[in-house]
Amino acid sequence: MNDYREEVYRLMLTTNKCIGVYYEIAKEMGIKENTLLLLDILSDQKQHSQKQICDDWHIPKTTLNTIIKECVNAGYIILLSQKQSKEKLIALTDSGQIFADKVTRKMKKAVQHSMEKVQKKYSTDFIMIFEKYVEYLESEYKNN
C-alpha cells in the first residue's frame, strides 16, 4: 500500500497558500477575510441563506452572523424574509454591490488571470479531480 502523506501534504500546503492569498487581499482592503468571502459570494447578485453559506463554505454560524450584522449596519446587505421559512435570505444592497465590486476587484482579476494561465497550459480538470478527492475523503472519514 502506498503512503500518500507527501502528496496530501502538498495538497494541504497549496490549499493553505491559496487561502493565504485571499487573507492578504482582505487585509489590504481593510476587511476581514470572511467578509471578503461573503461579499464575493453575494456579488453573484443572487439571494443566499445563512445556512447555505455556512454549509457550503464551512464558516461557523456565529462568525457569519457577526459579519452579517456588521454588513447590515454598514448598509451593504439586506435580510429578506422567505415564505414558509424562518430563515432570511441575504442579498447585497446597491451600495453593498458597489463596495463588493471595489473590495473584490483585485481578487477577481488575479483569479481570472491565474485560471486563464492554468487553462492555457494545463486545463482546469484539476478542479474536478480535487472535488472528487474531497468527496472520497469525506466518505472514507465518515465510514471509518
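Please compute the per residue accessible area over segment 37-144 with all protein chains in place, 1.4 Å probe, rounded to a whole number of Å².
Details: 8070 Å² over 108 residues.
Heavy-atom SASA per residue in segment 37-144 reads 75 Å².
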Which chymotrypsin sites (Phe, Trp or Tyr not before Pro) in segment 1-44 sit in a loop by DSSP (not H, G, I, E or B) and have at most 11 other Cβ atoms within 10 Å of their own Cβ? 4
Can you match Rg and Dmax of the Cα atoms in Å to one of these, [x] 14.9, 45; [y] 17.8, 56; [z] 13.9, 40, based on a calculation from the structure here? [y]
Whole angstrom only: what separates the Cα centroid of segment 105-144 from the Cα centroid of segment 1-55? 12
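When the helix-only estimate is applied to the chain (DSSP H runs of n ≥ 4, each -39,500 (n - 2.57), divided by the residue count), what is the mean residue ellipticity at 222 nm, nearest 500 deg cm²/dmol? Numbers along the way, then the final one.
Details: 6 runs with 103 residues, N = 144.
The helix-only estimate for the chain comes to -24000 deg cm²/dmol at 222 nm.
Local charge sum around residue 20 (other residues, Cβ-Cβ under 11 Å, Lys/Arg +1, Asp/Glu -1)?
Numbers: positive: 17, 27; negative: 24, 33.
Taking every other residue near residue 20 into account, the sum is 0.
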Cα-Cα longer than 31 Å, checked against 27/69; 32/86; 69/120, kept in input order, equals 69/120
Using amide H atoms built 1.01 Å from N in the peptide plane, name the residues 5+ places from residue 49, or on other chains, whose amide H lies under 5 Å from its own. 90
Taking segment 48-137, which trypsin sites (Lys or Arg not before Pro) meet the DSSP loop condition and have no more than 16 other C-beta atoms within 10 Å? 83
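With 28 Å as the limit, write out which pairs from 108/142; 51/117; 51/142; 46/102; 51/132; 88/117 have Cα-Cα distances beyond it, or answer none.
On the way: 108/142 35 Å; 51/117 34 Å; 51/142 22 Å; 46/102 18 Å; 51/132 23 Å; 88/117 39 Å.
Correct reply: 108/142; 51/117; 88/117.
The values are calculated or read from the model by the stated rules, or taken from the named source; none is laboratory data. Just so it is clear, the model here is predicted, and its values are computed rather than measured. Glycine also receives a Cβ, built like all others from the backbone with ideal geometry; neighbour counts cover every protein chain displayed. Note: areas computed on protein heavy atoms with side chains; ligands, DNA, RNA excluded. Shrake-Rupley method; radii C 1.70, N 1.55, O 1.52, S 1.80 Å.
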